[in-house]
Every structure is written in C-alpha cells, then in structure tokens.
1. Output the peptides 94-102, 159-167, 139-147 sorted from most to least packed, where packing is the average of other Cβ atoms within 10 Å over each peptide's residues.
2. Expressed as a whole percentage, what fraction of the accessible surface of the range 106-197 belongs to carbon and sulfur atoms when a 1.4 Å probe is rolled over the protein heavy atoms?
3. Given the whole protein assembly as supplied and a 1.4 Å probe, what does the accessible area of Leu158 come to in Å², nearest 10?
4. Between Glu172 and Cys104, what is the FRET efficiency for a Förster distance of 30 Å, r being their Cβ-Cβ separation, to the nearest 0.05?
5. Tell me which residues come under 5 Å, amide H to amide H, from Phe142 once H is placed; ignore anything under 5 positions away on its chain.
6. Report the FRET efficiency, 1/(1 + (r/R0)^6), for Met11 and Leu182, where r is their Cβ-Cβ distance and R0 is 41 Å, rounded to 0.05.
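The values are calculated or read from the model by the stated rules, or taken from the named source; none is laboratory data. Note that the structure is predicted; figures quoted are calculated from it, not measured. Cβ: placed from backbone, ideal geometry, glycine included. Neighbour counts: every protein chain shown. Keep in mind that these areas ignore ligands, DNA and RNA; they rest on the heavy atoms of the full protein, side chains included. Shrake-Rupley method; radii C 1.70, N 1.55, O 1.52, S 1.80 Å.
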Amino acid sequence: SSDLFPSHDRMAERYGKELAEALPEADAILGFDDYADISDRLRKILDGEKREAHTPKDRRTIIPISPVARQEVKSSMGQGSTFSRKRLGDSPMAPLKIASRCYCRCTFCAIPLFRGAFVSRRPTEIIDEARWLSENGVSEIFLVSENTTSYGKDFGDLRVLESLLPELAKIEGIARIRLSYLQPAEIRPTLLHAKVS
C-alpha cells in the first residue's frame, strides 16, 4: 500500500520539484491548486497514479472574484447558506475568518506570491457566521485574516470594519470580539474608537 507523506503546503507551493527530488519516498507533492479536488487526487495517488511535482507560479497576477461576482456564483450554485462550517469542540472562543490573502509585498513574506490578491468576505456572511457560532456556544469571536486592518479595501471602503464591529457586538451571546494580525501602518483613529456597545 502507498504511504502519504504530508508536507507544509507553502513549502510544496514554493519548492515542489526540489521537494520531490529530496523526498523520493513521497508519493506526490501537492500545491494549492490541488485543494479543490484533494480527496480525488489522494484517492488516485493511493491507487498508484504518479503525479508530476507541483510547479510554482506567481499568484500575484491572480485577480480575485469581486464580492458581487462571488455572490452571483453562490446563487448560481444554489447554496442557501453564505458559509460552510462545523465546530470540532465546545470552546467558548472561535476564530472567524473575515478575509483571505494579502496585497502587501513585504520582502520577508510569500503569502501574496502563494495565495494571490486580498479578498474580503461580505459583512453579511461574517454576521451570519457569527450568529451561527453564538447559537453553537461561542461567546468570544476572534476575527482573523492575513491583514485584518485591510478589511474592506477591495470594497472601496477602508472603514467597513468600523461598521462591522458594532453589528457583531449586537449579536446575542457574543460577549467579546478580538482582532488579530493588525498592520500598524493601517491602524486608524476610527478603528481604535469604533463603538461596540
């Protein structure tokens, strides 16, 4: 039988061929492009299919689907809910992802290269998920993204976060909201003084 050797996805994304050469015992080196069909890819690998080593590509050229277009795609797929989530424990705290990727080009970081341009989730999606979390025992939500202070830039309004926080605070059962991964250069007075009660 075949053994699967997991590798950190960013390593695979950046050094696919080098990893394949250094780890001949690995059945495959998979990158981000494999995520959508991961179960099918893994099944084929276990059945003996050989895959070419992942070839890195610069994802900074990827244009994200606009928020409006994302909603249209979901509607066309017939998805009733704006998010899909399961809780794996009963902790009163849960992370809530508000955006993905990053627009910055910091020399020490490869996230834009791997993941592409910054994409904010719609406020309605975030509020719906926060309500669901509250209904499932969460009293503290932890807003996360690669760069939380950039939330809303792709909407053309950098102050969307200041509007979102009070709405989240209104949700029954949510007692505390934490923000993570704040970019010091983007901290602004309106964010520091956002009213949440």
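1. Per-residue mean Cβ counts within 10 Å order the peptides as 94-102, 139-147, 159-167.
2. The C+S portion of the solvent-accessible surface of the range 106-197 is 54 percent.
3. Result for Leu158: roughly 60 Å² accessible.
4. Plugging the Cβ-Cβ distance into 1/(1 + (r/R0)^6) gives 0.25.
5. The list, which skips near neighbours in sequence, is Ala94, Leu96, Arg178.
6. The value I calculate is 0.95.
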